[in-house]
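Novice: Dropping the structure in here first, questions after.
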Amino acid sequence: AYHILYSFLLQTGLNTSNRVAYFFTRKERIFMTATGKLNRNGFTLLEVIIVIAIIALIAAIAIPNLLRARINSNESSTIQNLRAILSAQGAYFAANGEFAIDMESMTTPVPAFLSHDFLQNPLSGYQITFGGDEINYTLNANPTTWYVTGIRGFYTDASGIIRHNIGAPANSNSPTIH
């Protein structure tokens with residue numbers, strides 16, 4: 001087949017150096033020209049549709065996993081934040097003989113029991129609210145947008161046990177975190 005194509009090139013009147021380079025770099029294009037078909041310079045519609053379908057399939061697999069990873073990260077961060085607040089409440093109680101009833105009470109003293117970063121509410125997609133009084137405080141942490149920033153609500157109190165509830169705010173009767 002190559003000698004037929006080479007003889008075709010000789011008959012076209014192209015100079016020899018161009019023929020050899022063209023012959024060895026553009027075999028498909030020469031064959032198409034030799035048979036009288038049009039040169040192919042782009043992608044077919046079928047090729048484009050296949051590429052779009054592959055990209056859509058990869059996105060359909062990856063996006064839910066990324067969203068779930070974000071929710072897991074928010075929930076883990078919130079549990080750590082609640083543990084930090086519990087620890088700060090213990091230190092506050094040791095220094096003052098009562099529990100703090102708001103974040104400002106733990107962030108404004110010098111030295112502070114908590115970093116000022118805890119005043120930014122929501123933290124990691126969760127809204128943390130104080131309740132109770134100086135003897136028995138409660139903390140609730142609920143997602144700012146349920147099933148987007150988190151799927152579990154959290155609760156803790158002076159006992160130091162963190163509880164959770166899926167799809168709803170947690171309370172003192174909710175299961176504990178292991």
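Novice: What do you reckon, is ALA60 open to solvent by 30 Å² or more (accessible area, probe 1.4 Å) and closer than 26 Å to TYR147 by Cβ?
Specialist: Considered against the rule, which asks whether it is open to solvent by 30 Å² or more (accessible area, probe 1.4 Å) and closer than 26 Å to TYR147 by Cβ, ALA60 comes out as yes.
Novice: Would you mind stating whether SER77 is at pLDDT 90 or above, polar (S, T, N, Q) and more than 21 Å from PRO169 (Cβ to Cβ)?
Specialist: Criteria not met by SER77.
Novice: Now a separate question. What's the number of the condition THR107 fails, among (1) modelled with pLDDT of 95 or more; (2) in contact with a His (Cβ under 9 Å, 6 or more places away or on another chain); (3) of a type in the set (Ser, Thr, Tyr)?
Specialist: Unmet condition: (1).
Novice: If the requirement is being assigned to a loop (DSSP other than H, G, I, E, B), modelled with pLDDT under 90, more than 49 Å from the chain's Cα centre (by Cα) and surrounded by 11 or more Cβ atoms within 10 Å (Cβ to Cβ), which of these qualifies: LEU5, LEU14?
Specialist: Result of the check over LEU5, LEU14: LEU14.
Novice: Considering (1) at pLDDT 90 or above; (2) closer than 26 Å to PRO169 by Cβ; (3) open to solvent by less than 70 Å² (accessible area, probe 1.4 Å), say which one PHE93 fails and leave the rest.
Specialist: Every listed condition holds for PHE93 apart from (3).
Novice: Within the stretch 74-83, how many residues are without any contact (Cβ under 8 Å) to a residue 60 or more places away in the chain and surrounded by 14 or more Cβ atoms within 10 Å (Cβ to Cβ)?
Specialist: 1
The values are calculated or read from the model by the stated rules, or taken from the named source; none is laboratory data. Note that the structure is predicted; figures quoted are calculated from it, not measured. Methodologically, a virtual Cβ is constructed for each residue, glycine included, from the backbone with ideal geometry; neighbour enumeration extends over all protein chains shown. Side chains included, ligands, DNA and RNA excluded: accessible areas come from the protein's heavy atoms. Shrake-Rupley method; radii C 1.70, N 1.55, O 1.52, S 1.80 Å.
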